[in-house]
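The values are calculated or read from the model by the stated rules, or taken from the named source; none is laboratory data. What you see is a predicted model; the values in this text were computed from it and never measured. Glycine also receives a Cβ, built like all others from the backbone with ideal geometry; neighbour counts cover every protein chain displayed.
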């Protein structure tokens, strides 16, 4: 799921507004959360480092996982510097939280084996004849248990 996080400043009120939106349908983002922070406190937290900033940013209604919180901090660190812009947008796709996914896919492609090769008999490369199939099917597959059986078996 893709998400966007938008920081907007309101210098008159001394606030930073963080809005989270998630992609409900391809290309359509729905608002999920909105939090307001004191502008000066967030500037100070960004200057003090990642741990302080993440602790200050997390709230009951907005609690991103650590990897996402780090990405938001990395983008916001420059945003809260002296030459602050009015808006900052951070885009995140939850696929980013699986960094080894591409490596696994590559390994699977290299080990690809044809299904027909697995189904062939190793002794002969010929297909089974009708006689072989009849021999396999010759066993009686009728269940031995009868519903009227009142033996000690529990149902």
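Just checking, does segment 86-93 include any residue being touching a residue at least 40 places away in the same chain (Cβ under 8 Å), exposed (fewer than 12 other Cβ atoms within 10 Å of the Cβ) and assigned to a loop (DSSP other than H, G, I, E, B)?
yes
Need the failing condition index for residue 104 against (1) out of contact with any helix residue (DSSP H, G or I) (no Cβ under 8 Å at 6 or more places or on another chain); (2) more than 20 Å from residue 35 (Cβ to Cβ); (3) at pLDDT 65 or above; (4) not in a loop (DSSP other than H, G, I, E, B), just the number.
Residue 104 satisfies every listed condition except (3).
Under 22 Å from the mean Cα position of the chain (by Cα), surrounded by fewer than 17 Cβ atoms within 10 Å (Cβ to Cβ) and modelled with pLDDT of 90 or more: is that true of residue 69 in this structure? Let's see the steps before the verdict.
Working: under 22 Å from the mean Cα position of the chain (by Cα): yes; surrounded by fewer than 17 Cβ atoms within 10 Å (Cβ to Cβ): no; modelled with pLDDT of 90 or more: yes.
No, not satisfied.
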